[in-house]
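The values are calculated or read from the model by the stated rules, or taken from the named source; none is laboratory data. In this text the structure is predicted, and so the values were computed from the model without any measurement. Heads up, the Cβs are rebuilt from the backbone with ideal geometry, glycines too, and the neighbour counts pull from every protein chain shown.
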Amino acid sequence: MQRYLDGLRYNTERGGATVRSPRRVMRDRTAHCAEGAFLAAAAFRVHGRPPLVVDLEADRDDDHDLAVYRERGLWGAVATSKFAGLRFRPPVFRTIRELVMSYFDDYYNFAGERTLRAYSRPISLARFDPIGWTTSEEDLWPVVEHLAMVRHTPLVPRAVARRLPRLDRRSYAAGLLGAPAHRRT
């Protein structure tokens with residue numbers, strides 16, 4: 001699944017103007033992180049896994065969505081991102097928190113600030129079956145709105161977050177490897 005997502009063009013439409021269903025992502029061959037996570041969750045379902053998504057919440061940055069799965073009791077993730085380090089994780093993490101913390105150093109904004117602050121529990125997209133989330137021609141705003149509203153668990157205390165060092169230039173450049181053109185702020 002990750003290889004398929006990596007082959008898609010990253011959706012850079014202004015302000016996340018779309019939230020395509022998995023069908024539309026496959027047809028249009030483009031996806032941003034939520035669209036990629038929804039497609040991966042749909043693929044998991046086809047292969048007998050629950051269609052689970054975790055929402056990562058950021059400060060002064062975009063949130064990020066992961067399609068998560070369990071294998072032999074351990075968590076892994078599939079994702080698409082404009083940042084190289086915010087994609088696949090093998091199923092080696094005992095808890096969702098462990099999995100999410102593996103994204104911490106790679107989660108930064110264009111100013112080089114580490115921005116990951118909280119995460120949701122795994123949310124089953126099966127709850128959106130009534131709106132046909134896998135094949136809808138309509139944007140999936142109800143899913144995104146739900147992910148934004150669910151309770152998120154903080155990762156670091158605010159006092160610690162205020163003192164986090166900026167990312168070094170080498171790590172910053174490595175994380176943007178292969179990223180679509182962007183505007184630095």
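Worth pointing out:
- Members of the range 71-108 that are among the hydroxyl-bearing types (Ser, Thr, Tyr) and crowded, with 19+ Cβ neighbours inside 10 Å: Thr80, Ser81, Tyr103, Tyr107, Tyr108
- Residue check, Val160 more than 26 Å from Ala43 (Cβ to Cβ) and free of Cβ contacts under 8 Å to residues at least 12 places away in the same chain: yes
- Filter pass, Ala111 being under 22 Å from Asp6 (Cβ atoms), among the small types (Gly, Ala, Ser), modelled with pLDDT under 95 and surrounded by fewer than 16 Cβ atoms within 10 Å (Cβ to Cβ): no
- When the test is whether a residue is in contact with a strand residue (DSSP E or B) (Cβ under 7 Å, 6 or more places away or on another chain), surrounded by fewer than 17 Cβ atoms within 10 Å (Cβ to Cβ) and of a type in the set (Lys, Arg), Arg117 does not pass it.
- Being modelled with pLDDT under 95, of a type outside the set (Ser, Thr, Tyr) and within 22 Å of Ala174 (Cα to Cα) holds for only one residue in Ala77, Ala84, Ala58, and it is Ala84.
- Residues of the range 80-103 classified as aliphatic (A, V, I, L, M) and touching a helix residue (DSSP H, G or I) at 6+ places or on another chain (Cβ under 6 Å), total: 1
- Looking across the range 10-60, the residues that are surrounded by fewer than 20 Cβ atoms within 10 Å (Cβ to Cβ), free of Cβ contacts under 8 Å to residues at least 40 places away in the same chain and not hydrophobic (A, V, I, L, M, F, W, C) come down to Glu13, Arg14, Gly15, Arg27, Asp28, Arg29, Thr30, His47, Gly48, Arg49.
- Selected residue (criterion: nearest to His64 (Cα to Cα)) from residues of the range 152-178 that are in contact with a strand residue (DSSP E or B) (Cβ under 9 Å, 6 or more places away or on another chain) and of a type in the set (A, V, I, L, M, F, W, C): Leu155
- Residue ranges of helices (runs of 4 or more DSSP H) in the range 121-179 with at least 1 members over 20 Å from the mean Cα position of the chain (by Cα) and more than 25 Å from Arg27 (Cα to Cα): 158-162, 169-175
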